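Participant: One structure follows; several queries about it will come next.
The values are calculated or read from the model by the stated rules, or taken from the named source; none is laboratory data. Just so we're clear, the structure is a prediction, and the values are computed from it rather than from any experiment. As a convention, Cβ positions derive from the backbone with ideal geometry for all residues, glycine included, and neighbour counts pool all protein chains shown. For accessibility, only protein heavy atoms count, side chains too; no ligands or nucleic acids. Shrake-Rupley method; radii C 1.70, N 1.55, O 1.52, S 1.80 Å.
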Amino acid sequence: MNISGATSTTLNLTSVQASDAGTYIVVVTNSAGSVTSDNATLTVNVPPAITTQPASQTVSVGANVNFSVVATGSPAPTYQWKKGGTNITGATSDTLNLTNVQTSDAGNYTVVVTNVAGSVTSNTAVLTVDASLVGWWKLDETSGTTAADSSDSGFDGTLQNFSGTYWVAGHTGNALDFDGSNDRVVVGNPTVLQLTGAVTLAAWVNLDSIADSSRSIISKGGGSGARGWELLTESNNKWSFWIASNSSTLVGPSVTGVSLGTWVHVAGVYDPSVPVMRIYINGVLGAEQTTGVPTSMYNSAHDVAIGARPTSGNNVNGRIDDVRIYKRALSAAEVSAVMNSTNP
Ligand SMILES: [Ca+2]
Ligand SMILES: [Ca+2]
C-alpha cells in the first residue's frame, strides 16, 4: 500500500506506534523503468502495560488460590510473581497458583511484567487467609479410620465402630456414612476447640432416618453436668443448634422440617456480642434466638465428636460431609458462601 506523500529518498516516521510495525519497501521509477527495493522490517517494541490487575482474595485455610494478570506489550512480556517483594521461585507465568493455602501464605502479592522495552509492577493483591476456621473435616478419605482436619489446627478425627463400606460418595467428594447405632468420629479436646466465645458449626448431612431422640451431627456435649455445644436433629422433626449456658443448661434455636435422603446444609451461629444464636438451613435463616442466650458459653470437658455425642449415643443414621468449626460468628452471606464453596 502506497504511503501518501512518501516520494523522496528517505521515509521519516515520527512518534511511531505499534501500528507502524511492518515491512517497508520503496519503488524507484524513471522513464526507463522501475525497480523495487528489498524489504525493510520495522519492529516496534511496546513496553508492557497491565490491563487486568491481580485481585485481592480472602479464603479459608486449605483453599486453592489463583492470582492472574493480563498485560499487553511487544514482544510478549515475561512475568515474575513476588510475595512481600521477594521473588517466588518458578512463578513466571501470567497466573500464580497456590494450593492448600495456610495462614503463612497470607500477604501481599505482586507481579513484575517485563520485556525489552520496559517493565511494570502490578498493584498489590492481598491474600487474607481466614484463621478462624479451627476445624475442617472434608471427609474425602477413601479408606482407613482417620478423618483429616484441613484447618490449620490439624486435629484429625478417629473413626470408631465403623464397619462395611463407610467412605461413600458425598456432597463434595466423599463423605462418611454413619450407621445410626454406634459409629462416631472422635476428634479430642484440644485447647483451640475449648470455645467459650463466638462459634459457627456447619455441615452437610444426608439422613437415612431420624429417631424420636437427639442425633448429633457435631457435638462437644454430654448429659446434665457436662453440657456443651451441639448441632443436631431432635425429636419432632427438628434441626437444632445448642450451646450450654452452664454445665446443665442448654439453649438454642430449632427449626422443624428435617428432610431425609437429600443433602441439607446446616449451620449454627453463636454471636455473643448481641447475644444471639441462629440456625441456617441450606443457607437460609431458619430460626434465631436471643432469649436466654448467654454472653459466653460453658465449655464442657468432653471431646469433640462427629456423628454422635463424644460420650456415647445420639448416633446419626446417614451421611455427613464437610464439617466445619469457626471460632467466630459467620454472617448470613458467609454461611451461604460456605455452603456454596466447592472444596479444593
Ligand atoms: Ca458400627
Ligand atoms: Ca467431602
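Participant: With the checklist (1) among the hydrophobic types (A, V, I, L, M, F, W, C); (2) within 26 Å of ASP208 (Cα to Cα); (3) away from ligand 1 (no atom under 16 Å from the Cβ) in hand, flag the one item VAL293 doesn't pass.
Facilitator: Of (1) among the hydrophobic types (A, V, I, L, M, F, W, C); (2) within 26 Å of ASP208 (Cα to Cα); (3) away from ligand 1 (no atom under 16 Å from the Cβ), only one is false for VAL293: (2).
Participant: Could you say which residue among GLY261, GLY257 is open to solvent by 30 Å² or more (accessible area, probe 1.4 Å), under 27 Å from the mean Cα position of the chain (by Cα), over 21 Å from TRP137 (Cα atoms) and not polar (S, T, N, Q)?
Facilitator: Answer to the check: GLY261.
Participant: Just need a number here: residues in segment 303-340 that are closer than 26 Å to SER209 by Cα, away from ligand 2 (no atom under 16 Å from the Cβ) and not polar (S, T, N, Q).
Facilitator: Number satisfying all stated conditions: 8.
Participant: Go through segment 56-74 and give me each residue that's closer than 30 Å to ASP140 by Cα and either open to solvent by 20 Å² or more (accessible area, probe 1.4 Å) or small (Gly, Ala, Ser) (or both).
Facilitator: SER56, GLN57, THR58, VAL59, SER60, GLY62, ALA63, ASN64, ASN66, SER68
Residue by residue, here is whether (1) within 24 Å of SER273 (Cβ to Cβ); (2) open to solvent by 10 Å² or more (accessible area, probe 1.4 Å); (3) in contact with a strand residue (DSSP E or B) (Cβ under 7 Å, 6 or more places away or on another chain) holds:
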residue: ASP303; (1), (2), (3): no, yes, yes
residue: GLY307; (1), (2), (3): no, no, yes
residue: PRO310; (1), (2), (3): no, yes, yes
residue: ASN317; (1), (2), (3): no, yes, yes
residue: ILE320; (1), (2), (3): no, no, yes
residue: LYS327; (1), (2), (3): yes, yes, yes
residue: ALA332; (1), (2), (3): yes, yes, yes
residue: VAL335; (1), (2), (3): yes, no, yes
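Participant: Determine whether segment 34-49 contains at least one residue that is open to solvent by less than 60 Å² (accessible area, probe 1.4 Å) and among the β-branched types (Val, Ile, Thr).
Facilitator: yes
Participant: Evaluate segment 130-144: report whether one residue or more is open to solvent by 60 Å² or more (accessible area, probe 1.4 Å) and of a type in the set (Val, Ile, Thr).
Facilitator: Looking for residues that are open to solvent by 60 Å² or more (accessible area, probe 1.4 Å) and of a type in the set (Val, Ile, Thr), one finds at least one in segment 130-144, hence yes.
Participant: Test of understanding: among PHE178, PHE155, which residue is under 16 Å from ILE306 (Cα atoms) and within 16 Å of ligand 2 (Cβ to nearest atom)?
Facilitator: When all the criteria are applied, what remains is PHE178.
Participant: Among the residues of segment 164-176, what is the count of those that are more than 10 Å from ligand 1 (Cβ to nearest atom) and open to solvent by 40 Å² or more (accessible area, probe 1.4 Å)?
Facilitator: Total meeting the criteria: 4.
Participant: Still on this structure: Just a yes or no: is a residue in segment 186-193 within 16 Å of ligand 1 (Cβ to nearest atom), crowded, with 18+ Cβ neighbours inside 10 Å and either within 20 Å of the chain's Cα centre (by Cα) or in contact (Cβ under 8 Å) with a residue 12 or more places away in the chain (or both)?
Facilitator: Checked segment 186-193: at least one residue is within 16 Å of ligand 1 (Cβ to nearest atom), crowded, with 18+ Cβ neighbours inside 10 Å and either within 20 Å of the chain's Cα centre (by Cα) or in contact (Cβ under 8 Å) with a residue 12 or more places away in the chain (or both).
Participant: When the residues of segment 214-225 are narrowed to those that are of a type outside the set (Lys, Arg) and open to solvent by 10 Å² or more (accessible area, probe 1.4 Å), which ends up modelled with the highest pLDDT?
Facilitator: SER214
Participant: Further question: List pairs: first in segment 262-290 and hydroxyl-bearing (Ser, Thr, Tyr), second assigned to a strand (DSSP E or B) and at pLDDT 95 or above, Cβ under 7 Å, 6+ apart or cross-chain?
Facilitator: THR262/ASN206; TYR270/VAL199; TYR270/ILE243; TYR270/MET277; TYR280/ALA267; TYR280/GLY286; THR290/VAL276
Participant: Report, ordered by the first and then the second residue, all pairs with beta carbons closer than 6 Å, sequence separation of six or more or different chains, a first member in segment 219-238 that is free of Cβ contacts under 8 Å to residues at least 24 places away in the same chain, and a second member that is surrounded by 15 or more Cβ atoms within 10 Å (Cβ to Cβ).
Facilitator: From residues that are free of Cβ contacts under 8 Å to residues at least 24 places away in the same chain, the pairs are GLY225/SER247; GLU234/SER214; GLU234/SER240; LYS238/SER254.
Participant: Shifting gears a bit: Checking VAL101 against (1) in a loop (DSSP other than H, G, I, E, B); (2) open to solvent by 60 Å² or more (accessible area, probe 1.4 Å): exactly one of these is not met. Which one?
Facilitator: Only one criterion in (1) in a loop (DSSP other than H, G, I, E, B); (2) open to solvent by 60 Å² or more (accessible area, probe 1.4 Å) is unmet by VAL101, namely (2).
Participant: From the residues in segment 194-220 that are more than 20 Å from ASP271 (Cα to Cα) and of a type outside the set (A, V, I, L, M, F, W, C), which one is farthest from ligand 1 (Cβ to nearest atom)?
Facilitator: If we take residues in segment 194-220 being more than 20 Å from ASP271 (Cα to Cα) and of a type outside the set (A, V, I, L, M, F, W, C), then ASP212 is farthest from ligand 1 (Cβ to nearest atom).
Participant: While we're here: How many residues are away from ligand 2 (no atom under 14 Å from the Cβ), assigned to a strand (DSSP E or B) and surrounded by 15 or more Cβ atoms within 10 Å (Cβ to Cβ) when one looks only at segment 194-213?
Facilitator: So the answer is 4.
Participant: OK, next. For segment 107-137, which positions are assigned to a strand (DSSP E or B), away from ligand 2 (no atom under 16 Å from the Cβ) and over 22 Å from SER68 (Cα atoms)?
Facilitator: VAL134 - this is the single residue of segment 107-137 that is assigned to a strand (DSSP E or B), away from ligand 2 (no atom under 16 Å from the Cβ) and over 22 Å from SER68 (Cα atoms).
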